[in-house]
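Participant: There's a structure below that I have some questions on.
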Amino acid sequence: MSKDFILPDIGEGIVECEIVEWLVAEGESVKEDQPICDVMTDKALVQIPAVHDGVISKLYYAKGDIAKVHAPLFAMDVDGEAPTQSEETQAPAVTTGSAEHLEDFILPDIGEGIVECEIVEWLVSEGDEIVEDQAVCDVMTDKALVQIPAKYTGKVEKLYYQKGDIAAVHSPLFQMSIAGQSAEPDVSSAVVKAQTNAATKPAQKPAASSSSSKQLNKKAVASPAVRRKARELDVDLTQVPGSGKNGRIYKQDIEDFLNETPSQAVSQQAAPKAAEPVSTTASAGGRRVEPIKGIKAAMAKQMVASVSTIPHFTFCDEIDLTKLIAMRSELKEQYKQQGVKLTMMPFFIKALSLAIKQFPVLNSQVNDDCSELTYFDDHNIGMAVDSKIGLLVPNIKSCQSKSIVDVANEVTRLTEAARDGRVSPDDLKGGTISISNIGAIGGTIATPIINKPEVAIVALGKLQHLPRFDAQGNVISAAIMQVSWSGDHRVIDGGTIARFNNLWKSYLEDPAKMMMAMS
């Protein structure tokens, strides 16, 4: 049976709101908690979700209308209740109709605590044929770049977001037609949805594009999302006629303004600058503002939290890697033939794990009020990687039980994934201590910031061949690397970090000692 959805209280003192955008059409199937429409109050833009599964039977307002709180907003036929007469008459046509149906792809959970993401790149276009598990788009969370694959084979009918838009988890990401599934229970609603959309689109398009129904409003009434789009396209909203009530501007109005009157738009945008003097030299004093988001925003918050809550202290030393480099050179080609990329990093990581066995406090975490210290059996050693989307710190799990070859394979896998920005959330979680290889880019000494809630981090400087004295007092060329430790002074004192570093250093300077410790 059809039920009215009553517009609930959407803010203290709010009695009415404007319909900014319908996100569904009459005849469309919806799920509980699926967004139905965006409404604008005098305080904020609010999204109204469905409270039942079912089919939208009627929308009581048009885009731009003013809806009253506690009044019916739309009607829907709720699943599991008696169908309306219109549904009964449409059902036979569906069972004998096309073998294709439309289905929305719902953006799944893409990480713990992730509720939204940015569309970085669409890898398909509307009308493209795609196959199951084919990559459809790249999305950016505050932790990693994630690739979204298709669940079925079919055809992309509609992309609900543009590049740069913010998509909500558990909301439709794109729509596709799926072949050969006409017997599924949800076909009837899907076909009804397709028929309704096809019937309503021709009627809606002229209204959206008609200049006679648009109003130029010097106050530029628009939602935050529309204003963001205008900034991205460098459009002056006071010059854009709005199709909404009281001249409210929608995204489509901006697109129509640019597409239908490009010359006018250009002249209007350039008009305020006409009085400026023309210069043949490069302009000075310009600036560019861009938002901090995604990985960079997450890193900024993490670093501020670390520095403001952890009393850091730094300890520096140098390590002679001459013997280790010679051993690696002998083994590198042998393991390369087995598909193992043997860099220096696996030796640093394994030696660190061996040293932690005697200094477990380096593999601990302290609670916020510094009343408890948790020690971890697993050595999940993170390594900072300078990826194309920002700094990522994936970690190698259970290094204490892995061989150097096992660690080398994990280093290769995580480094390649991090540089592409495609590290899985599991690889980013659960780290217990970190290594930053700043020397790969340049520099000898650093003051690394602890990757909270860990208690220590080491930065590796660049490798240098420097003169040193051997045991007989002769000057020799040695492969020297500077290392810089930062420790949490609430948990670790200077003597502890020095003794720990000396043990780690001994394993690296005498590889035979490291091999014996592994046995």
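The values are calculated or read from the model by the stated rules, or taken from the named source; none is laboratory data. Because the structure is a prediction, the values reported are computed rather than measured. Cβ sites come from the backbone with ideal geometry, for glycine too, and all protein chains shown count toward neighbours. Ligands, DNA and RNA are excluded from the accessible area calculation, which covers all protein heavy atoms including side chains. Shrake-Rupley method; radii C 1.70, N 1.55, O 1.52, S 1.80 Å.
Participant: Does Glu16 count as farther than 22 Å from Tyr160 by Cβ, open to solvent by 60 Å² or more (accessible area, probe 1.4 Å) and at pLDDT below 90? Please lay out each step first, then the result.
Facilitator: Details: farther than 22 Å from Tyr160 by Cβ: yes; open to solvent by 60 Å² or more (accessible area, probe 1.4 Å): yes; at pLDDT below 90: yes.
Considered against the rule, which asks whether it is farther than 22 Å from Tyr160 by Cβ, open to solvent by 60 Å² or more (accessible area, probe 1.4 Å) and at pLDDT below 90, Glu16 comes out as yes.
Participant: If you don't mind, there's one more thing I want to ask. Of all residues in region 385-401, count the ones that are open to solvent by less than 30 Å² (accessible area, probe 1.4 Å) and part of a strand (DSSP E or B).
Facilitator: Total meeting the criteria: 6.
Participant: Of (1) over 15 Å from Ile433 (Cα atoms); (2) open to solvent by less than 20 Å² (accessible area, probe 1.4 Å); (3) under 38 Å from the mean Cα position of the chain (by Cα), Ile492 satisfies all except one. Which?
Facilitator: Result: Ile492 fails condition (1) only.
Participant: Take the conditions in a loop (DSSP other than H, G, I, E, B), more than 28 Å from Glu416 (Cβ to Cβ), open to solvent by 40 Å² or more (accessible area, probe 1.4 Å) and modelled with pLDDT under 85 and apply them to Ala82. Does it pass?
Facilitator: yes
Participant: Considering only region 286-298, I want to know if a residue exists there that is under 30 Å from Ser401 (Cβ atoms), open to solvent by 40 Å² or more (accessible area, probe 1.4 Å) and modelled with pLDDT under 95.
Facilitator: no
Participant: Has region 19-33 got at least one residue that is buried (at least 20 other Cβ atoms within 10 Å of the Cβ), part of a strand (DSSP E or B) and out of contact with any Lys or Arg (no Cβ under 9 Å at 6 or more places or on another chain)?
Facilitator: Yes - at least one qualifying residue is present in region 19-33.
Participant: Something else about it: When you scan region 235-257, how many residues do you find that are at pLDDT 80 or above and at positive phi?
Facilitator: Here the count works out to 0.
Participant: Determine, yes or no, whether Asp427 is over 29 Å from Val340 (Cβ atoms), acidic (Asp, Glu) and either open to solvent by less than 50 Å² (accessible area, probe 1.4 Å) or touching a residue at least 40 places away in the same chain (Cβ under 8 Å) (or both).
Facilitator: The answer is no for Asp427.
Participant: Counting just the residues of region 115-146 that are within 16 Å of Pro172 (Cα to Cα) and either of a type in the set (D, E, K, R) or at pLDDT below 85 (or both), which one comes out surrounded by the most Cβ atoms within 10 Å (Cβ to Cβ)?
Facilitator: The residue in question is Asp138.
Participant: Among the candidates Phe347, Phe359, which residue alone is out of contact with any His (no Cβ under 6 Å at 6 or more places or on another chain), at pLDDT 95 or above, open to solvent by less than 60 Å² (accessible area, probe 1.4 Å) and under 22 Å from Lys452 (Cα atoms)?
Facilitator: Criteria check complete, one pass: Phe359.
Participant: Could you check, for region 52-65, whether at least one of its residues is aliphatic (A, V, I, L, M), open to solvent by 50 Å² or more (accessible area, probe 1.4 Å) and outside any loop (DSSP other than H, G, I, E, B)?
Facilitator: Keep residues of region 52-65 that are aliphatic (A, V, I, L, M), which gives 55-56, 59, 62.
Within this subset, residues satisfying the condition of being open to solvent by 50 Å² or more (accessible area, probe 1.4 Å) are 62.
Still in the list and also outside any loop (DSSP other than H, G, I, E, B): none.
Looking for residues that are aliphatic (A, V, I, L, M), open to solvent by 50 Å² or more (accessible area, probe 1.4 Å) and outside any loop (DSSP other than H, G, I, E, B), one finds none in region 52-65, hence no.
Yes/no matrix, rows are residues, columns are (1) under 23 Å from Asn380 (Cβ atoms); (2) touching a Phe, Trp or Tyr at 6+ places or on another chain (Cβ under 9 Å); (3) among the acidic types (Asp, Glu):
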site	(1), (2), (3)
Asn409	yes, no, no
Ala417	yes, no, no
Arg422	yes, no, no
Leu428	yes, no, no
Ile445	no, no, no
Ala459	yes, yes, no
Gly473	no, no, no
Ser477	no, no, no
Gly494	no, yes, no
